[in-house]
1. Somewhere in the stretch 20-35, is a residue buried (at least 20 other Cβ atoms within 10 Å of the Cβ) and at pLDDT 75 or above?
2. Whether any residue in the stretch 146-166 is surrounded by fewer than 18 Cβ atoms within 10 Å (Cβ to Cβ), within 25 Å of residue 57 (Cβ to Cβ) and out of contact with any Leu (no Cβ under 7 Å at 6 or more places or on another chain) is what I want to check.
3. Report, by residue number, each residue of the stretch 175-190 that is out of contact with any Phe, Trp or Tyr (no Cβ under 7 Å at 6 or more places or on another chain), surrounded by 10 or more Cβ atoms within 10 Å (Cβ to Cβ) and charged (D, E, K, R).
4. Do we have residue 128 as of a type in the set (Lys, Arg), closer than 18 Å to residue 9 by Cβ, in contact (Cβ under 8 Å) with a residue 60 or more places away in the chain and buried (at least 18 other Cβ atoms within 10 Å of the Cβ) here?
5. Evaluate the following for residue 112: is it surrounded by fewer than 15 Cβ atoms within 10 Å (Cβ to Cβ), at negative phi and among the aliphatic types (A, V, I, L, M)?
6. Which of the residues spanning the stretch 74-105 are small (Gly, Ala, Ser), closer than 15 Å to residue 119 by Cα and more than 16 Å from the chain's Cα centre (by Cα)?
7. Quick test of your reading of the structure: residue 83 fulfils all but one of (1) touching a residue at least 24 places away in the same chain (Cβ under 8 Å); (2) touching a His at 6+ places or on another chain (Cβ under 8 Å). Name the failing condition by number.
8. Out of the residues in the stretch 156-168 that are in a loop (DSSP other than H, G, I, E, B) and either modelled with pLDDT of 95 or more or in contact with a strand residue (DSSP E or B) (Cβ under 8 Å, 6 or more places away or on another chain) (or both), state the one that is nearest to residue 131 (Cα to Cα).
Amino acid sequence: MSTAVLDMSMSLDGYIADLDDYLGGDDGHRLHNWFAEDADILRPPGSAGEFLDEWNACGAVLAGRRTAELMDHWGGDHNGAPIFVPSHRPPSPAARWGYPLVTYVPDGIESAMKQAKAAAGDRDVQVRGGNVARTALEAGVLDEIQIHQIPVLLGRGHRLFDLLPAEIELDIVRVIDTPDATHIRYRIRR
């Protein structure tokens with residue numbers, strides 16, 4: 001059975017992007033520097049490589065509209081995996097005609113997650129974007145959260161968990177500490 005996993009890099013003070021939707025730092029990528037600048041070319045060593053393997057092995061992606069558009073829908077697929085975007089507005093022209101593996105789902109997060117899990121089979125559904133993560137949490141369709149905790153205080157920007165409908169209990173699944181980040185995976189208690 002598929003597991004829906006939010007995978008997000010976050011500063012120690014809870015920010016996932018600065019006010020301009022960059023990822024912090026002078027180069028705009030501080031929150032992803034733990035990974036590797038050449039990760040698209042080479043598999044990085046150690047835990048970054050393990051996370052890349054997990055990321056590439058997902059069966060589907062469920063992304064918020066803003067995230068999907070900022071990423072240009074990852075070029076139309078996520079390493080061959082389909083992308084589902086819950087949105088009441090029609091997709092952009094590229095998503096409508098140029099990206100056959102991108103599906104806009106107008107009837108809510110539950111339907112989008114159901115479709116993503118069906119497409120993923122027994123592989124993970126990677127959840128991308130802060131707003132869609134909060135919506136999935138509120139709807140009870142998110143199973144796990146994986147945070148890459150970056151040792152930096154950004155001091156401003158967009159927080160991941162600013163507004164939640166209620167307290168949500170988590171169980172720690174694993175913790176991997178590296179020089180550039182602490183990677184914590186949680187299971188959401190039901």
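1. Scanning the stretch 20-35 turns up at least one residue that is buried (at least 20 other Cβ atoms within 10 Å of the Cβ) and at pLDDT 75 or above.
2. no
3. 177, 185, 187 - these are the residues of the stretch 175-190 that are out of contact with any Phe, Trp or Tyr (no Cβ under 7 Å at 6 or more places or on another chain), surrounded by 10 or more Cβ atoms within 10 Å (Cβ to Cβ) and charged (D, E, K, R).
4. Judged against the criteria, residue 128 is a match.
5. Numbers: surrounded by fewer than 15 Cβ atoms within 10 Å (Cβ to Cβ): no; at negative phi: yes; among the aliphatic types (A, V, I, L, M): yes.
Here the answer is no, as residue 112 does not meet what is asked.
6. Matches in the stretch 74-105: 80 only.
7. The failed condition is (1).
8. 160
The values are calculated or read from the model by the stated rules, or taken from the named source; none is laboratory data. What you see is a predicted model, and the numbers here were worked out from it, not measured in a lab. Don't worry about glycine lacking a Cβ; one is built from the backbone with ideal geometry, like all the others, and counts go over all protein chains shown.
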